[in-house]
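J.: If you scroll down you'll find the structure; I have some questions about it.
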């Protein structure tokens, strides 16, 4: 039981002056239904509301699972050297997601910052994100471009560059 | 739907970490979820770092609508703090913003009355459903009122 992840429920209240305050608690993970509409939250929320003179305006749930016994990443990859993937949503807004410690093999070469989107593993990641990400309107994202995002220190020629 | 997201915590050999939030439609957390597993596997294949933590966050609007100015005395800094004890003897504090008068002892209107029906209804449900972060049972023990010093009503 203790190894199961728990779900953190955060209730956000707003008072008459527009200030917000929060109330949080953990419940057991429900892997069969949406926790915010599940048994525990449905039982606690109606008795929580009368205890506050402020208004309950938002509920958030967070479920975190740590991977047991995770080994550290391999050198010389660092979280400061990132793969950036840019997408456009169904409303025309551009958004970029960055992934730290990207493998050298997803880029054309250490000297260039071009993402290889047509061969694995980069193409597979691009496809799975395009297929599963949803925007604020519930629509899908379209892939625009990928590039490398890193500081000058991580670039070849820098004294700090550790090489690949 | 649009507020739900998987968050991946990536760590490198230098013990640096980076988080990335991927917006998804999923609202149920299950480690074996195929979408989660697909994203995790394909992302890990592109990384020299390691995905050491996965998180699903979901959100929904509360039942109330904010209406500023309707209750000037109800300020979120005037809180009730209830203390609970986990089965591992850990102590947890549950703060509730903008305490209501019905939760206070009528003798002094300052201290929390755990026997008040509005409070006991909540503590009963918390005893049933609340757990510690390590998923151990929690028992509600005591409570108090916390407010800023100049705040009186």
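The values are calculated or read from the model by the stated rules, or taken from the named source; none is laboratory data. Note that the structure is predicted; figures quoted are calculated from it, not measured. Every residue, glycine as well, gets a Cβ built from its backbone with ideal geometry; the counts of neighbours run over all protein chains shown.
J.: Which residues, counting only those in region B:22-41, are closer than 22 Å to residue A:122 by Cβ, more than 7 Å from chain A (Cβ to nearest Cβ) and touching a residue at least 24 places away in the same chain (Cβ under 8 Å)?
T.: B:36, B:40
J.: Applying the selection to region B:69-116, what residues are exposed (fewer than 13 other Cβ atoms within 10 Å of the Cβ) and within 20 Å of the chain's Cα centre (by Cα)?
T.: Listed by number, the residues that qualify are B:88, B:89, B:91, B:93.
J.: Which numbered condition trips up residue B:121, out of (1) over 16 Å from the mean Cα position of the chain (by Cα); (2) touching a residue at least 24 places away in the same chain (Cβ under 8 Å)?
T.: Only one criterion in (1) over 16 Å from the mean Cα position of the chain (by Cα); (2) touching a residue at least 24 places away in the same chain (Cβ under 8 Å) is unmet by residue B:121, namely (2).
For every residue, the table says whether it meets (1) in a loop (DSSP other than H, G, I, E, B); (2) modelled with pLDDT under 90; (3) buried (at least 20 other Cβ atoms within 10 Å of the Cβ).
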| position | (1), (2), (3) |
| --- | --- |
| B:118 | no, no, no |
| B:121 | no, no, no |
| B:138 | no, no, yes |
| B:143 | no, yes, yes |
| B:148 | yes, yes, no |
| B:151 | yes, yes, no |
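J.: Considering only region B:42-52, I want to know if a residue exists there that is within 7 Å of chain A (Cβ to nearest Cβ), surrounded by fewer than 20 Cβ atoms within 10 Å (Cβ to Cβ), more than 23 Å from residue A:38 (Cβ to Cβ) and within 23 Å of the chain's Cα centre (by Cα).
T.: yes
J.: Among the numbered criteria (1) under 17 Å from residue B:140 (Cα atoms); (2) facing another protein chain (nearest Cβ under 7 Å), which one does residue A:24 miss?
T.: If we test residue A:24 against (1) under 17 Å from residue B:140 (Cα atoms); (2) facing another protein chain (nearest Cβ under 7 Å), just (2) comes out false.
J.: Kindly indicate which of B:61, B:78, B:108 is without any contact (Cβ under 8 Å) to a residue 12 or more places away in the chain and touching a strand residue (DSSP E or B) at 6+ places or on another chain (Cβ under 7 Å).
T.: After ruling out the rest, the residue left standing is B:61.
J.: Considering only region B:14-27, state which residues are in a loop (DSSP other than H, G, I, E, B) and surrounded by fewer than 18 Cβ atoms within 10 Å (Cβ to Cβ).
T.: B:14, B:15, B:16, B:25
J.: Separate question: Does residue B:9 qualify as being more than 7 Å from every other protein chain (Cβ to nearest Cβ), surrounded by 18 or more Cβ atoms within 10 Å (Cβ to Cβ) and farther than 24 Å from residue A:38 by Cα?
T.: Taking the combined requirement at face value, the residue satisfies it.
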